[in-house]
Amino acid sequence: MARTTRGNGLLEPLLAYLRARKANALIPPSLRSGIILDIGCGTYPYFLAHTSFTRKFAIDRIALPQTASETLQIESYSLDLNHEPRLPFAAGYFNVITMLAVIEHLNPTNMAFLFKETFRTLKPGGRVILTTPAIWSNGILKGLSRINFISKEEIDEHVYAYTLPIIGWYFGQAGFTMDKIHFGYFESFLNMWAYAEK
């Protein structure tokens, strides 16, 4: 797929590749025979196109075009998580749930409920994985968007910048235990990754 995000940006293909590589590295091979949900997959589901699972599900405000869903074998759902953070799936349905460069776009008041929903819909032994910009990269991202290095449309929609302790708190509120939460930085400390196991 040629496009990786809405808008334009010279670095967007590289950033999509780096996010997908980080997420794929955090998924154990034992979980790949199951089902994955990518929350906030975007119009161009780069990560789902570059990961291997038995079944793939996607959620975004706008459902994927039918051709993309059929070609990539992705079951796509349209859902605005800023207004309704409830996931339309049964408890214990997914082996892996990803939120890559997503939480910074969502209303913080709904975040605790969304994390609880990921815990509810995750199978025992499953994993939630997320990436988000580090709080100190906000100014850099805005500057890069102004010179068309990254998508201005995406950056303009950022509503909140997170820290790893805040992400850990959300995981804890959702029901994940602290010994099963892991996190760190990538892309020269400009982005953060985190995952929690159920």
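Could you tell me the number of lysine pairs in the chain with C-alpha atoms less than 27 Å from each other, where the two lysines are 8 or more residues apart or belong to different chains?
The result is 17.
So what's the net charge close to P28: Lys and Arg +1, Asp and Glu -1, counting the other residues with Cβ under 10 Å from its Cβ?
+1
Could you rank the peptides 19-26, 115-122 by their average count of other C-beta atoms within 10 Å per residue, with the highest value first?
Taking the mean over residues of other Cβ atoms within 10 Å, the ranking is 115-122, 19-26.
Assuming R0 = 22 Å, what is the FRET efficiency of Q66 and L18, from their Cβ-Cβ distance, to the nearest 0.05?
Calculated transfer efficiency: 0.15.
Given the -39500 (n - 2.57) contribution per DSSP H run of 4+ residues, what per-residue ellipticity at 222 nm results for the chain, rounded to the nearest 500 deg cm²/dmol?
Per the formula, -9000 deg cm²/dmol.
Once you list every other residue whose beta carbon is under 13 Å from the beta carbon of I59, what net charge do they have if Lys and Arg are +1 and Asp and Glu are -1?
Computed value for this residue: -3.
How large is ³J(HN,Hα), in whole Hz, for each residue of segment 118-133 in order, when computed from phi with the Karplus curve 6.51 cos²θ - 1.76 cosθ + 1.60 and θ = phi - 60°, using x for Gly and Pro?
Per-residue couplings from phi come out as 5, 5, 4, 8, 8, 6, x, x, x, 9, 9, 10, 9, 10, 7, x Hz.
Averaging over every viewing direction, what projected area does the convex hull of the Cα atoms of the chain cover, in nm²? The partial results should precede the final answer.
Working: hull surface 39.8 nm².
Its average projected convex-hull area is 10.0 nm².
Mind listing the long-range amide H neighbours of Y77? Cut-off is under 5 Å, sequence gap 5 or more, other chains count too, H placed in the peptide plane at 1.01 Å from N.
A58, I59, D60, L64
Measure off 7 Å from each Cα along the Cα-to-Cβ vector at T109 and H83, then give the distance between these two points in nanometres to one decimal.
With each label point 7 Å from Cα toward Cβ, the separation is 1.5 nm.
Taken together, the values in this text are just the output of simple stated rules run on the coordinates, not laboratory data. This structure is a prediction, so every number in the text was calculated from the model and none was measured. Glycine also receives a Cβ, built like all others from the backbone with ideal geometry; neighbour counts cover every protein chain displayed.
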